[in-house]
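Novice: One structure is given below, represented as structure tokens, and several questions about it will come after.
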């Protein structure tokens, strides 16, 4: 995508042409047409700013490893405007409005595709978190991890992405993984793998498993045994 300076340069050029034409306007009708053109150029500038934000989010997703689509022909609306300016010197308000619509539609397509890619990727990342190890964390760390996990679940379902959404998710997920990896492997880890959402069937546990659970006082209020 061309840089912001190129966008501003092209828009400034069109606006300067509109201002010169306004000075030479001989009738009220022509003056009103030029005012409409100036309004259309201002809106196009805002549309381009929104598109640029969408592209920045897209690049942030790609850097984080999200499998987003490759962006192609995102300069097409501006290329049409440049061709018109080069050809006739002054585009009509309607022509500029149409280019603004092109930019808005392009932004919407990029954001929709990115959200779909993000939701699938983020949920798959969360599914790799070994949640059965959370009860082994000390109380203060456990609380932070659980709070961050709840927030990550919300971020993974976001329908409007911004750069901080992606960066916060990656940072907090790394924090959770680091804390859980520090727990290490032990007898209690082996037992906890038999639990799902804090529950396990008594018939699935050996006498040694029950002994390990009984000896760990920190788990007494967090697990449930079901006789079936």
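Every number here is computed from the coordinates shown, using simple stated rules; none is lab data. What you see is a predicted model; the values in this text were computed from it and never measured. Here the Cβ positions follow ideal geometry from the backbone for every residue, glycine too, while neighbour counts run over all protein chains shown.
Novice: At 0.36 nm per residue, and after removing the present C-alpha to C-alpha distance, how many nm does the segment from residue 39 to residue 153 gain when stretched out fully? Each step should come with its number before you reach the end.
Specialist: On the way: separation 114, 0.36 × 114 = 41.04 nm, distance 4.21 nm.
So the chain would gain 36.8 nm between residue 39 and residue 153.
Novice: What is the pair-distance distribution P(r) of segment 128-183, computed from all Cα-Cα distances in 10 Å bins starting at 0, with each bin given as a whole percent?
Specialist: Per 10 Å bin, starting at 0, the Cα pair percentages come out as 23, 53, 21, 3.
Novice: Please work out the FRET efficiency for the pair residue 199 and residue 128, using the Cβ-Cβ distance as r and a Förster radius of 22 Å; give the result to the nearest 0.05. List each step's numbers first, then the result.
Specialist: Numbers: r = 21 Å, r/R0 = 0.97.
FRET efficiency, residue 199 to residue 128: 0.55.
Novice: Sticking with this structure for a sec: How would you classify segment 49-185 from its alpha-carbon gyration tensor, with a ≥ b ≥ c the square roots of the eigenvalues: rounded for a/c under 1.5, else prolate if a/b is greater than b/c, otherwise oblate? Please report the intermediate quantities before stating the final value.
Specialist: Numbers: a/c = 4.27, a/b = 3.83, b/c = 1.12.
Taking the square roots of the gyration eigenvalues as a ≥ b ≥ c, segment 49-185 is prolate.
Novice: Something else about it: Tell me, what is the FRET efficiency for residue 178 and residue 108 to the nearest 0.05, using R0 = 30 angstrom and their Cβ-Cβ distance as r? Before the final figure, lay out the partial values.
Specialist: Values: r = 37 Å, r/R0 = 1.24.
E(calc), rounded to 0.05, equals 0.20.
Novice: Order by neighbour count: 123, 214, fewest other Cβ atoms within 10 Å first, most last. Spell out each step's value before the answer.
Specialist: Working: 123 13, 214 10.
Final ranking by Cβ density, sparse to dense: 214, 123.
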